[in-house]
Amino acid sequence: MKYAFPDNFWWGSASSALQTEGAREGETTWDYWFAREPNRFHNGVGPQQTSTFYQHWKTDIQLLKQLNHNSFRTSISWARLIPDGIGEVNPDAVDFYHQVIDELNEQGITPFITLFHFDMPMAMQEIGGWENRDVVDAYARYAQICFELFGDRVLHWFTFNEPIVPVEGGYLYDFHYPNVVDFRRAATVAYHTVLAHAKAVQAYRAGHYAGEIGIVLNLTPSYPRSQNPADVKAAHVADLMFNRSFLDPVLRGEYPADLVALLKSYDQLPACKPEDGFLIAEGKIDLLGINYYQPRRVKCRDSAVNPQAPFMPEWFFDSYEMPGRKMNPYRGWEIYAPGIYDILINLRDNYGNPRCFISENGMGVENEQRFIENGQINDQYRIEFISEHLTWLHKGISEGCNCLGYHMWTFIDNWSWCNAYKNRYGFIQLDLETQQRTIKKSGEWFATTALNNSFEKE
Ligand code: BGP
């Protein structure tokens, strides 16, 4: 069967500043943390060892072209642009991002720009990071500077990439700096991130720029083990905490009442100011980026909570390992392509069918060299993964969902936070020693699909 996509469908991929640029100027929490605890990073490889986009941006954009991308998302590094977060703008950074943005446009590749992709300037973290409202203001200033500098040539802006991840990683589950375990502080970080987002949206609207502004959320549809009311309730709470804590404010302009009531009953609500509500209401977006990797399957807890243990989302559910689920064993994530369709239908039916696109989807695989045939990685599993997800995406579109594109994570194999180079995601293989780039089979498949705006599958 032929799967054809609407005209002007966005075909591309996503990456981020810290994961690709290298040549770091301006310390981030990642540089700081790596210098102190390199053992936290796979094989002791830190954020300095990247795919060197800072040097090779021009030839890399040629490769994007070869992959028939009509759009590409990357981020601006706040710490590179404003090394102390709030003071002087670094002219080298301005030049660099000008050149990248101009070259993308010249090559017919629409730049999609994220303002914050997990990379907090260390100077901002030192004053409390997202726990401090001064950092919210510093971020709003940074966003405004970016709009002023690049807003005439960047028409698709994203305030944050996966804002729940630094909340989970840094304040609940110990996989980002500052490695705190404290729900109330996590809730404060999440809340201030929403305020920062809303302030950036406000600044964008005030500047009357020609483009649009949105956010990128990692949506993990929450499936209950069964229709037993206890399981359904468990899935509902997981959905409130991990999806709707950001989805509702950015699409509806307010928090779900039952999330607020739940946190209130456990005395976990962040401190709010009376004017916050108006600000959040002004943070409604034009375009939603959806990162989809895996579903979340949950069941009701079958043991009592230890009242001495820190308050955690898991007080309300257990994770559920569905028998027969298909796994990506390298990342430990379930592969469930219909999830993409369920997300789109939920947005269509419950959120007014917003303009959206898949901003990340992908499969990280370890030791891909074993699949080399005639000098090229033959990653059939990735082609299978993408085409399966695309068939469900196609079904969503055919049922009226307003999904405008599909971006893959990622372009060239890149540095994946604590996993460093363990799992490779790219359309293009990176030799970390020589920096040589080699297009994988999936890259060729994607180039053909993007060119035809369609693909064939039984
Ligand atoms: C997303 C992030 C990316 C990227 C990707 C792959 O959550 O937006 O930055 O890294 O996931 O996940 P990981 O690198 O953790 O394997």
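Of all the listed residues (383, 345, 340), the sole one being part of a helix (DSSP H, G or I), among the β-branched types (Val, Ile, Thr) and over 30 Å from residue 284 (Cα atoms) is 383. Out of the stretch 262-304, which residues are polar (S, T, N, Q), more than 30 Å from residue 323 (Cα to Cα) and in contact (Cβ under 8 Å) with a residue 24 or more places away in the chain? The one that is polar (S, T, N, Q), more than 30 Å from residue 323 (Cα to Cα) and in contact (Cβ under 8 Å) with a residue 24 or more places away in the chain: 268. Looking only at residues of the stretch 141-178 that are in contact (Cβ under 8 Å) with a residue 60 or more places away in the chain and assigned to a loop (DSSP other than H, G, I, E, B), we find that the one that is farthest from the chain's Cα centre (by Cα) is 151.
May I ask you to verify whether residue 232 is assigned to a loop (DSSP other than H, G, I, E, B) and more than 18 Å from the chain's Cα centre (by Cα)? Show your work before the answer.
Numbers: assigned to a loop (DSSP other than H, G, I, E, B): no; more than 18 Å from the chain's Cα centre (by Cα): yes.
No.
Candidates are the residues of the stretch 322-357 that are acidic (Asp, Glu) and in contact (Cβ under 8 Å) with a residue 40 or more places away in the chain; the one that is most open to solvent (accessible area, probe 1.4 Å) is 342.
Could you count how many residues in the stretch 123-140 are touching an Asp or Glu at 6+ places or on another chain (Cβ under 9 Å), at negative phi and surrounded by fewer than 19 Cβ atoms within 10 Å (Cβ to Cβ)?
Here is the first cut: in the stretch 123-140, the ones touching an Asp or Glu at 6+ places or on another chain (Cβ under 9 Å) are 123-124, 127-128.
Now drop any that are not at negative phi, which leaves 123-124, 127.
Now drop any that are not surrounded by fewer than 19 Cβ atoms within 10 Å (Cβ to Cβ), which leaves 127.
Result for the stretch 123-140: 1.
I'm checking my understanding of the structure. Among residues of the stretch 404-423 that are more than 14 Å from the chain's Cα centre (by Cα) and near the ligand (Cβ under 7 Å from one of its atoms), which one is least open to solvent (accessible area, probe 1.4 Å)? The residue in question is 423. List the number of the failed condition for residue 71; all other conditions in (1) more than 18 Å from the chain's Cα centre (by Cα); (2) more than 16 Å from the ligand (Cβ to nearest atom); (3) surrounded by 20 or more Cβ atoms within 10 Å (Cβ to Cβ); (4) of a type outside the set (A, V, I, L, M) hold. All conditions are met except number (1).
Taking the stretch 94-122 as the search range and keeping residues that are in a strand (DSSP E or B) and open to solvent by less than 10 Å² (accessible area, probe 1.4 Å), which one is nearest to the ligand (Cβ to nearest atom)? Step by step, filter the stretch 94-122, then rank; the result is 114. Going by the conditions given, is residue 164 touching a Leu at 6+ places or on another chain (Cβ under 8 Å) and away from the ligand (no atom under 16 Å from the Cβ)? No: the conditions fail for residue 164.
The values are calculated or read from the model by the stated rules, or taken from the named source; none is laboratory data. Small disclaimer: the values here were computed from a predicted structure and weren't measured. Here the Cβ is made from the backbone with ideal geometry for all residues, glycine too, and neighbour counts use every protein chain on show. What goes into the accessible areas is simple: the full protein's heavy atoms, side chains included, and nothing from ligands, DNA or RNA. Shrake-Rupley method; radii C 1.70, N 1.55, O 1.52, S 1.80 Å.
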